[in-house]
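Written out below as structure tokens is the structure these notes cover.
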Protein chains: 2
Amino acid sequence: MKMTALYVPTLKEAPGDAEVVSHKLLVRAGFIRKLTSGIYVYLPMAWRALNKISAVVREEMTRAGAQEILMPMVQPGDLWKETGRWEFYGKELLRFKDRHDRDYCLGPTHEEVVTDLVRGEVKSYRQLPLNLFQIQTKFRDEIRPRFGLMRGREFIMKDAYSFDTNEEGADKSYWAMHGAYTRIFSRLGLKFRAVEADTGSIGGNFSHEFMVLADTGEDTIAFCDACEWAANLEKAQVKPAAAAAGDKDAAPAEVVATPGAHTVEEVAAFLKVSPTAIVKTLLFDADGEIVAALVRGDRELNEIKLKNHLDATALSLALPEVVATVTGAPVGFAGPVGLKVARIVIDQELQGATGCIVGANQADAHLLHVDLARDLDSATVAYADLRMITAEDPCPACGGAVRLAKGIEVGHVFKLGLKYSQAMDAKFLDEQGKERHMIMGCYGIGVSRILAACIEQNHDADGIVFPPPVSPFEVAVLSLAGNDETVAAKAQELYTMLCNNRIDALLDDRAERPGVKFKDADLIGTPLQIVVGGKALARGVVEVKNRRTGEKGELPVDNFLHAFSVWRQGVLDAWVCQGVPGPASAC
Amino acid sequence: MKMTALYVPTLKEAPGDAEVVSHKLLVRAGFIRKLTSGIYVYLPMAWRALNKISAVVREEMTRAGAQEILMPMVQPGDLWKETGRWEFYGKELLRFKDRHDRDYCLGPTHEEVVTDLVRGEVKSYRQLPLNLFQIQTKFRDEIRPRFGLMRGREFIMKDAYSFDTNEEGADKSYWAMHGAYTRIFSRLGLKFRAVEADTGSIGGNFSHEFMVLADTGEDTIAFCDACEWAANLEKAQVKPAAAAAGDKDAAPAEVVATPGAHTVEEVAAFLKVSPTAIVKTLLFDADGEIVAALVRGDRELNEIKLKNHLDATALSLALPEVVATVTGAPVGFAGPVGLKVARIVIDQELQGATGCIVGANQADAHLLHVDLARDLDSATVAYADLRMITAEDPCPACGGAVRLAKGIEVGHVFKLGLKYSQAMDAKFLDEQGKERHMIMGCYGIGVSRILAACIEQNHDADGIVFPPPVSPFEVAVLSLAGNDETVAAKAQELYTMLCNNRIDALLDDRAERPGVKFKDADLIGTPLQIVVGGKALARGVVEVKNRRTGEKGELPVDNFLHAFSVWRQGVLDAWVCQGVPGPASAC
């Protein structure tokens, strides 16, 4: 493609509303334009990149046995009423009525539609397993769309749905998708990790998130340096420490005044103790019941773990007035002793803890010398893994060192089990002629989000640094012709040679100064750059540059294609194995 | 692809709601399933066919200089308010509000969005011309969706928009698209005609519709056997006949009773005259004004022509009470003499007509001996081309014979002019530094409708007869193995050989009876069939069948690929030149 025939409106400045680097660079490099909040136009460069991503997704999905279809974006409300999600999905589901006043919504996901399709067609175990996927524009009416393509309202997604006759088959379908995803993100040249994820209220046995590693990621993942273990922070199990044979504190619990000290840090400073000596008491409303959760003063409670332990549908911090009622004190002084709640859940590392400092359920006061086993009613107490893992914890799988990293979720595989097939009565006849519900899985990839995540992971001060498989073009040929027709002709010749050899090349043939061409080539992130200039040509060479490393070199014009191929292969090989922290998924 | 790994749920019966053959066959052949009224799921076979169509569209659009982008499906109401279409578009525009109560709609077309994009970016004539296209799912809330993919609510469309600095450039852009469309439909193996179409209320100079010829088409087109002229029926100009030197009827107009005769046929029979002697008077409401239109008794009034002549925005038949007021008689007896209307428009062939029979503006009565020039107030009268063309008319371009045919509109190219650029103030600076509005064109192709139209044109009693470029697979290999492993192995071998040579092949490896395989192969319409059976194999051959002609033959298993290639080329060549009535657009 010639740049004079390509609409790439690069900009010097990023838009004022762009907070993250991918949003800034996608706009500056002329890839996207905002139509309205959370809704973007994909210009030719973005569309090329998205098609490259989609092609890899499509190939690997097909290789894994999934079949491509296209389901509608407009979905009848009736199907969502069958699963109950018409009520429960929340405002992200954009509902509307058609001209005949019937309920519809814009599809944010397609479990209902695909289950409706399959229940109408599949009658026998002979027709299973079945895995159907699509690459489609989806809509979620996010309350606060932000970060450009990272969290838009309209976005491109690959979603797949598997149907199996039994658990073994469903597990096989699940792991086939897990494998396909691993190949997809590897082929796209991304550093990523597949992490165990919480299955939440959907239930089921398995869920993994695929995280592109990037410092700007909204999510935190934990992984082991020594083994394959990796999990998102909410899911990451904490390995129970050996029971502390702590000093038995014979002293009885004792109220101490702590005027003006509210936070753990303030109380620790006031009492001149370590925050580890303090036990935090947090009060929650779990499906209407008030529950206390205790973690060490320096720890962070993991609400997902608490919710799962309680098997609660809805969990939220108790309201201030509720806290006042159950503690008899203002917010900030809750403690487990004498608390009017039926259940107290304590983090496992506090099992056997003595000499604890807790809130006294009185304003400006704490209790010292608390022995949780001695001072609490054991009938109300349970111990569980309640806190966030930290980089100081051992790997729950092998005991190795845990590392934390920021990531961007770009894929999610999920074993759904019977949730939708039961709600929508999707049945088949098994080998014994017995009716049974199909076992389902669902598998999503954020195609447009990959483009953003890829840039969050791969950029520098000059612009995007595309992995070659994602870049709209693999090679940019910069013609520094000015008025020199020999240069223009040679640039054209090399460009044509590359195209004829199926190399995806872009020729910058614009009547612009060299500086503009250099800046734009770096901004749009083309991995390989070839600079055709008069002086170098006079010496029989062209300059080349590796966008990622900045390394420059020269290639002879004679026998150019051979020299280019060698250089190109070196650059591509180096991209594939940049290395991923921990046992590499991408290499 | 192997059929055991392909979800093709063929059916013996068509669904009860399917009225047209493409709808019946698409469902029976396992290509589509209905989700809800006018909204379908594209199953793997349809998706393959649609991708083949899209690939050709994409290639030819790109070759013609258009650039692919993707615009959002959800569009802000504000843009539609700028052009006034928020009010005028009617209920086909599905409007809704987001969670913040802002107006949005589902895009049925993208003039507003693309104009908004370009006005924000393009500042100088140096950035023009620009032609942007997309292939996208669109939504129109049809009041009565029907005919499967022919008139659905959700459908796939290619839409393109061109922006030029001057009329000459805009015309060039228009004809480039006209040429691209001609190549697209030719490459898809369709018999089609490009016809002049009405530009309607949008105005502008040019508009052509691309019609796939099919007896089941909803539209009628007229074309010349001798020259390139072709137009849709509404647009088709009637060549004015030489002024009739008819007998001067000196007799004055005279009322005659015609009891019980209402229609032209009844009056003609009662008076024992030809319907050509009668002149029909039709009363219309044109933007609030009542207008009379006169055509010969045997002619059909073309309302589009009348509307264009009157330059009316809205035109409809006058209500019965209005007819009663202006005629002073019940409906059915209107005539031009003494009619209380300010304007009477008369079809051009009635210029100089005498001895006419018209309604008498009295119940059960007509006027004889009417001389339109003599008996009407010339201040109220105008003559114009008002009627539908017929197969008896001469070609308006060359005088040759006109033919009529049924067609299905699959493409439409349109020179928009300034309509949207003025409404949305999309300007550029010209070479003199003067601000001017861009000149636009828009160009649509109904991608999913092509699939249906293609089947309407190409089918027989056994099923679909796909043109090779549209067929999901080019070759079907039917393995009649039963328990014969030699046959299964040979079928697999030939199939693999075809795949390795980039031939798009489908292997029917199902454990089904030969009859089922034959029926399904015909139903899904694969152009080339190879039947691998035990008896033929014993003779060293496989049977082959040309789906379109039904011709059968045998190919040797030894040196199979060569023999297959020769046979294949013959079948493909015959498809390309099936011939199109009139000067061939497709050959």
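The values are calculated or read from the model by the stated rules, or taken from the named source; none is laboratory data. Note that the structure is a prediction, hence the values are computed from the model and not measured. Here the Cβ positions follow ideal geometry from the backbone for every residue, glycine too, while neighbour counts run over all protein chains shown.
What are the residues in region A:335-384 that are aliphatic (A, V, I, L, M), out of contact with any Lys or Arg (no Cβ under 9 Å at 6 or more places or on another chain) and in a loop (DSSP other than H, G, I, E, B), if any?
Within region A:335-384, A:Val337, A:Leu339, A:Val341, A:Ala342, A:Ala360, A:Ala363, A:Leu376 qualify.
For residues that are of a type in the set (S, T, N, Q) and assigned to a loop (DSSP other than H, G, I, E, B), scanning just region A:293-328, find the one that is farthest from the chain's Cα centre (by Cα).
Among them, the one singled out is A:Thr313.
Condition first: surrounded by fewer than 16 Cβ atoms within 10 Å (Cβ to Cβ) and either over 38 Å from the mean Cα position of the chain (by Cα) or basic (Lys, Arg) (or both). Can you find one or more residues in region B:388-404 that meet it?
So far as region B:388-404 goes, yes, one or more of its residues are surrounded by fewer than 16 Cβ atoms within 10 Å (Cβ to Cβ) and either over 38 Å from the mean Cα position of the chain (by Cα) or basic (Lys, Arg) (or both).
Quick check on this structure: which one of A:Glu92, A:Glu68, A:Glu59 is crowded, with 17+ Cβ neighbours inside 10 Å, acidic (Asp, Glu) and more than 30 Å from B:Val122 (Cα to Cα)?
Matching residue, one of A:Glu92, A:Glu68, A:Glu59: A:Glu68.
If you check B:Leu26 against the conditions, is it more than 13 Å from chain A (Cβ to nearest Cβ) and crowded, with 20+ Cβ neighbours inside 10 Å?
Against the criterion (more than 13 Å from chain A (Cβ to nearest Cβ) and crowded, with 20+ Cβ neighbours inside 10 Å), B:Leu26 qualifies.
Name the pairs whose Cβ atoms lie under 9 Å apart, with the first residue in region B:67-80 and touching a residue at least 12 places away in the same chain (Cβ under 8 Å) and more than 7 Å from every other protein chain (Cβ to nearest Cβ), the second among the small types (Gly, Ala, Ser) and part of a loop (DSSP other than H, G, I, E, B), and 6 or more positions between them or separate chains?
As it stands, the answer is B:Gln75/B:Gly107, since those pairs meet every condition given.
Return the residues of region A:271-292 that are part of a strand (DSSP E or B), of a type in the set (Gly, Ala, Ser) and more than 30 Å from the chain's Cα centre (by Cα); say none if nothing qualifies.
A:Ala292
Could you please let me know if B:Gly550 is of a type in the set (Gly, Ala, Ser) and modelled with pLDDT of 95 or more?
Here the answer is yes, as B:Gly550 does meet what is asked.
Identify all residues within region A:142-166 that are more than 13 Å from every other protein chain (Cβ to nearest Cβ) and in contact with a Lys or Arg (Cβ under 9 Å, 6 or more places away or on another chain); write none if there are none.
Passing the criteria: A:Gly148, A:Met150, A:Arg151, A:Met157, A:Lys158, A:Asp159, A:Asp164, A:Thr165, A:Asn166.
If you go through region A:36-45, how many residues are more than 8 Å from chain B (Cβ to nearest Cβ) and in a helix (DSSP H, G or I)?
Qualifying residue count for the region: 1.
Any idea which of (1) farther than 25 Å from B:His208 by Cβ; (2) within 23 Å of the chain's Cα centre (by Cα); (3) in contact (Cβ under 8 Å) with a residue 60 or more places away in the chain; (4) surrounded by 19 or more Cβ atoms within 10 Å (Cβ to Cβ) is the one B:Arg119 doesn't satisfy?
(2)
Against the conditions (1) free of Cβ contacts under 8 Å to residues at least 40 places away in the same chain; (2) assigned to a helix (DSSP H, G or I), where does B:Arg58 fall short? Just the number, please.
(1)
If I go through region A:533-573 residue by residue, how many of them are of a type outside the set (Phe, Trp, Tyr) and touching a residue at least 40 places away in the same chain (Cβ under 8 Å)?
Qualifying residue count for the region: 11.
Take B:Gln362 and tell me if it is in contact with a Phe, Trp or Tyr (Cβ under 8 Å, 6 or more places away or on another chain), at pLDDT below 95 and more than 27 Å from B:Gly260 (Cβ to Cβ).
In short, no.
Out of the residues in region B:81-120 meeting the condition of being within 25 Å of B:Tyr174 (Cβ to Cβ) and acidic (Asp, Glu), tell me which one is nearest to the other protein chains (Cβ to nearest Cβ).
Looking at the filtered set, the residue picked out is B:Asp116.
Give A:Leu537, A:Leu555, A:Leu523, A:Leu506 a once-over and let me know the one that is more than 20 Å from A:Met1 (Cα to Cα) and buried (at least 19 other Cβ atoms within 10 Å of the Cβ).
Exactly one of A:Leu537, A:Leu555, A:Leu523, A:Leu506 is more than 20 Å from A:Met1 (Cα to Cα) and buried (at least 19 other Cβ atoms within 10 Å of the Cβ), namely A:Leu555.
Report, by residue number, each residue of region A:158-191 that is among the aliphatic types (A, V, I, L, M) and in a loop (DSSP other than H, G, I, E, B).
Passing the criteria: A:Leu188, A:Leu190.
Does B:Asp430 satisfy the criteria of being touching a residue at least 40 places away in the same chain (Cβ under 8 Å), surrounded by fewer than 20 Cβ atoms within 10 Å (Cβ to Cβ) and closer than 22 Å to B:Asp171 by Cβ?
So B:Asp430 fits the description; yes.
So the check is Cβ under 6 Å with 6+ separation or different chains; which pairs have a first residue in region B:227-247 that's outside any loop (DSSP other than H, G, I, E, B) and a second one that's at pLDDT 85 or above and among the basic types (Lys, Arg)?
Close Cβ pairs satisfying both conditions: B:Ala230/B:Arg193.
Any residue in region B:337-350 that is touching a residue at least 12 places away in the same chain (Cβ under 8 Å) sitting within a Cβ distance under 7 Å of a residue that is assigned to a strand (DSSP E or B) and among the hydroxyl-bearing types (Ser, Thr, Tyr)? List the pairs, counting only those 6 or more apart or interchain.
Going by the 7 Å Cβ cut-off, the qualifying pairs are B:Ile346/B:Tyr383; B:Gln348/B:Tyr383.
Identify the residue in region B:121-141 that is more than 9 Å from every other protein chain (Cβ to nearest Cβ) and of a type outside the set (Lys, Arg) and, among all such residues, is farthest from A:Ala511 (Cα to Cα).
Looking at the filtered set, the residue picked out is B:Ile135.
Can we say B:Ala511 is assigned by TED's automatic domain parsing to the domain that holds B:Leu528 and over 30 Å from B:Thr182 (Cα atoms)?
Taking the combined requirement at face value, the residue satisfies it.
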